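Note sheet for the following structure.
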Amino acid sequence: IQANKSFPIPQKFQSPVQVARMDDLNLIFLMNAKNEITSFSPISKKFSDNVLNVPADSKISAIGTYLTYIYLVDQKNNQIYRYPRAEGGFGEKIDWFKDSASFSQMNDMAINENIFISSDSAIIKLFRGKNQSFTLPQTATPIHIAKISLGEKTGNLFILDKQNSRIIHLDSENRIKGQYYHPEISSAVDLAVNE
């Protein structure tokens, strides 16, 4: 943005439907509807095709990264796949999710050492593939989750509640640390946090 430059996505890749950044390698990954993946390096300013073997019967509804792993949420099979970074893309997947939960209503995912999966009115917290206790705080106006994001420094959770034109900031104990209101929040399509 500061340099006022843009980098067109390769035509052969078509339109991305999922995007995730991998801070440890300074890469941005884009996935299209065919589950093909390409990476963009802000250093070299180039796109590179990546190998990623996604199961044929899956419906990938979210991707995210932590350290040098990429995580894919398969909404159809209620599974999260974890792939290690390898030369030219990613190695073989493992079925990371070891518990039971339904991802059929999910709308977003956020990752640090935990994985958070959100739906309109709930958040599932996972650690090492297992469900963890997580309860949304009660507010006078019920929370409607559109998107979630994690603070890079604190790991605090931020919730975009478009329906109520607010962003809710939760601390590490899931208590409300702050709420930020503005009428234009109702038209937001995503959320990113720089604390």
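The values are calculated or read from the model by the stated rules, or taken from the named source; none is laboratory data. The shown structure was predicted, so the numbers you read here are calculated from the model rather than taken from an experiment. Note that we place each Cβ from the backbone using ideal geometry, even for glycine, and neighbour counts take in every protein chain shown. Each accessible area value is taken on the protein alone, full model and side chains, heavy atoms only, with ligands, DNA and RNA left out. Shrake-Rupley method; radii C 1.70, N 1.55, O 1.52, S 1.80 Å.
What a 1.4 Å probe finds exposed on the chain is 47% carbon and sulfur by accessible area, rounded to a whole percent.
With a cap of 14 neighbouring Cβ atoms within 10 Å, and only residues DSSP puts in a loop, list the trypsin sites (Lys or Arg not before Pro) found in the range 37-99. Before the final figure, lay out each step's value.
On the way: sites: LYS45, LYS46, LYS59, LYS76, ARG82, ARG85, LYS93, LYS98; in loops: LYS45, LYS59, LYS76, LYS93, LYS98.
Qualifying residues, ordered by number: LYS45, LYS59, LYS76, LYS98.
All C-alpha pair distances within the range 38-145, sorted into 5 Å bins from zero, spread as 2, 11, 20, 22, 17, 12, 8, 5, 2, 1, 0 percent across the bins. Label-to-label distance, ALA140 versus ASN164, with points set 7 angstrom from Cα along the beta-carbon direction: 1.0 nm.
Counting only Cβ charges, +1 for Lys and Arg and -1 for Asp and Glu, the dipole size of the range 56-111 around its Cα centre is about 40 debye. Separation of the range 149-195 and the range 67-127, taken as the distance between their Cα centroids, equals 21 angstrom.
For the range 113-181, the Kirkwood radius over C-alpha pairs fed into Stokes-Einstein at 20 °C and 1.002 mPa s yields D = 174 µm² per second.
May I ask you to give the solvent-accessible area per residue for the range 1-158, in square angstrom, as obtained with a 1.4 angstrom probe? Show your work: numbers first, answer last.
Values: 8850 Å² over 158 residues.
With the other protein chains kept in place, the range 1-158 gives 56 Å² per residue.
Extent along the principal axes, Cα only, for the range 1-62: 42, 27, 18 Å, with the longest axis given first.
Note the full-extension length gain between GLN14 and THR154 as 0.36 nm times their separation in residues minus their Cα-Cα distance, in nm to one decimal. Write down the numbers at each step before the final one.
On the way: separation 140, 0.36 × 140 = 50.40 nm, distance 3.58 nm.
Full extension of this stretch gives 46.8 nm more.
Computed about the Cα centre, the dipole magnitude for the chain is approximately 180 debye when only Lys and Arg (+1) and Asp and Glu (-1) carry charge, each at its Cβ. Here's the list of aspartates and glutamates a cross-link from LYS153 could span, going by alpha-carbon distance under 17 Å and ignoring same-chain residues fewer than 8 apart: ASP23, ASP24, GLU113, ASP171, GLU173, GLU195. Normalised radius of gyration for the chain, please: alpha carbon Rg relative to 2.2 N^0.38 Å, two decimal places. With N residues counted in the chain, Rg over 2.2 N^0.38 Å equals 1.05.
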